[in-house]
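Peer 1: Submitted below is the structure of interest, expressed as structure tokens.
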Amino acid sequence: MNVDALIDKVPKAELHLHIEGTLEPEMMLALANRNSVTLPYKTVQDVKDAFAFDCLQDFLDVYYHGMSVLVNEQDFYDLTYAYLSKVHADCVTHVEIFFDPQAHTDRGVAFETVHDGICHALEAGLRDFGITSRLIMCFLRHLPEEHAFEALNCACKHKETIYGVGLDSSEKGYPPAGFSRVFAEARKQGFVPVAHAGEEGPVEYVEGALDDLQVKRIDHGNRAFDDPKMIARLAKEQTPLTMCPLSNLRLKGITDLELHPLKRALEAGIVATVNSDDPSYFGGYINDNYKAIAKALALSEEDIIQLAKNSFSAAFIDDKLKQKAHDQVDAISGLK
Ligand code: HPA
Ligand code: ZN
């Protein structure tokens with residue numbers, strides 16, 4: 001089996017995916033029409049033309065603007081269901097999805113509208129595709145910590161459906177320590193913590209996410225590779241990295257996929273995973289990310305098998321399910 005055929009067939013989990021970042025241009029325009037929202041784009045090509053970014057902030061400006069078409073529960077349902085049906089075709093069997101409630105409540109959309117639409121689609125995804133899921137609520141780091149506490153209060157009413165908390169949006173100038181108290185309260189309330197760190201921000205932010213927020217995974221973590229001590233720490237503590245190659249390329253965190261640190265992470269014994277981040281905006285879903293990085297770094301079949309297994313090892317599922325998923329990866333790859 002060649003590497004691309006293996007990627008197509010192997011079961012995998014996606015652990016770094018912003019549901020609002022799956023909004024395809026076609027759906028953006030259809031929802032703008034359905035909800036009478038005015039956008040500066042008339043055609044699918046106009047929207048695609050706006051997807052040219054020089055950095056994270058360039059993307060975030062378009063991302064927050066685009067999501068203004070998401071208004072009703074049905075919109076969040078349609079968005080989530082469309083994502084699940086796409087990744088079902090990519091052999092994704094488990095997803096851990098981020099959502100950004102503050103980006104919706106700030107413009108008058110109720111927390112429950114967002115939450116219920118996503119959760120009903122996740123239930124349908126289990127029923128129709130057998131995809132299991134976890135939902136992770138992200139705090140927006142460019143907003144004050146008090147706003148994050150308001151989102152946490154809302155999440156506390158939905159502990160049965162919201163599994164974890166994350167930290168996303170503009171990174172530089174917003175170190176993790178600014179969110180220590182809200183993360184401490186979230187952990188006390190039983191939410192599992194993760195955070196974006198080292199996407200654009202320095203390795204100190206990776207350290208801050210580990211020490212100040214006590215995260216269980218680092219989202220991105222690219223800048224960790226600036227510091228051998230941090231590479232050794234991530235390997236020793238087995239803190240997974242949810243890496244997103246096409247996102248890093250499109251936001252110019254790297255100039256060339258061949259420079260991506262994924263292979264170095266694997267060689268160091270870090271639990272690295274491959275994910276799509278915001279697939280509509282960055283030009284590819286999960287298998288596109290696997291294929292692009294496999295080509296750029298000349299990954300072997302064994303590397304792909306390791307990455308698929310890592311995706312389940314790093315998932316928030318119990319050990320029995322991890323073992324079952326690893327066995328399924330072995331079965332597909334012909335090792336068992
Ligand atoms: N980085 C930070 N925040 C985000 C991203 C990202 O790639 N996508 C959506 N919010
Ligand atoms: Zn992200």
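The values are calculated or read from the model by the stated rules, or taken from the named source; none is laboratory data. What you see is a predicted model; the values in this text were computed from it and never measured. Positions of Cβ are backbone-derived with ideal geometry, glycine not excepted, and every protein chain shown enters the neighbour counts. In case anyone asks, the SASA skips ligands and DNA or RNA and just uses the protein heavy atoms, side chains included. Shrake-Rupley method; radii C 1.70, N 1.55, O 1.52, S 1.80 Å.
Peer 1: Are there any trypsin sites (Lys or Arg not before Pro) in region 33-120 that are in a DSSP loop and have at most 16 other Cβ atoms within 10 Å? List them by number.
Peer 2: Filter output for region 33-120: K42, R107.
Peer 1: What does the helix-only formula give at 222 nm for the chain: each DSSP H stretch with n ≥ 4 adding -39500 (n - 2.57), the total divided by the residues, and the result rounded to the nearest 500 deg cm²/dmol?
Peer 2: That calculation yields -14500 deg cm²/dmol at 222 nm.
Peer 1: Starting from the Kirkwood Rh over alpha-carbon pairs, what translational D in µm² s⁻¹ does region 219-336 have by Stokes-Einstein at 10 °C and 1.306 mPa s? Can you show the working numbers first?
Peer 2: Numbers: Rh = 14.7 Å.
For the chosen part, D equals 108 µm²/s.
Peer 1: With a 1.4 Å probe and every protein chain kept in, tell me what percent of the accessible surface of the chain is carbon plus sulfur.
Peer 2: 51 percent
Peer 1: At 0.36 nm per residue, minus the direct Cα-Cα distance, what do A30 and E302 gain on full extension? Give it in nm, one decimal, please. Numbers along the way, then the final one.
Peer 2: On the way: separation 272, 0.36 × 272 = 97.92 nm, distance 4.23 nm.
Answer, rounded to one decimal: 93.7 nm.
Peer 1: What's the local net charge at F139, with K and R +1, D and E -1, over the other residues with C-beta under 12 Å away? Please list the in-between numbers first.
Peer 2: Working: positive: R141, R181; negative: D100, E145, E146, E150, D168, E185.
Around F139, the surrounding residues sum to -4.
Peer 1: Show which lysines lie in cross-link reach of K42 when reach means a straight Cα distance below 26 angstrom and same-chain residues fewer than eight apart are skipped.
Peer 2: Cα-Cα hits under 26 Å: K86.
Peer 1: Using +1 on the beta carbon of Lys and Arg, -1 on that of Asp and Glu, and nothing else charged, what's the dipole of the chain about the Cα centre, debye to 20? Numbers along the way, then the final one.
Peer 2: On the way: 33 positive and 52 negative charges, 153 e Å.
That gives the chain a dipole magnitude of about 740 debye.
Peer 1: Rolling a 1.4 Å sphere over the protein heavy atoms, what is the accessible area per residue of the chain, to the nearest Å²?
Peer 2: Dividing the accessible area of the chain by its residue count gives 40 Å².
Peer 1: Counting other Cβ atoms within 10 Å of each Cβ, which GluC sites (Glu not before Pro) in region 141-181 have at most 11 and sit in a DSSP loop?
Peer 2: Those that pass, being in a loop and sparsely packed, are E160.
Peer 1: How far apart, in nm, are two points set 7 Å out from the Cα along the Cα-to-Cβ line at F316 and at D106?
Peer 2: 2.3 nm
Peer 1: Let's test this: bin the Cα-Cα distances of region 3-333 at 20 Å from zero up to the farthest pair and state each bin's percent.
Peer 2: Spelled out per bin, shortest first, that is 33, 62, 5.
Peer 1: Further question: Leaving out ligands, DNA and RNA but keeping every protein chain, what accessible area does D226 have, in Å² rounded to the nearest 10, with a 1.4 Å probe?
Peer 2: Its accessible surface works out to 90 Å², give or take rounding.
Peer 1: Now for a separate question. Among 127-137, 318-328, 277-287, how do they line up by average Cβ neighbours within 10 Å per residue, starting with the highest?
Peer 2: Top of the packing list down: 277-287, 127-137, 318-328.
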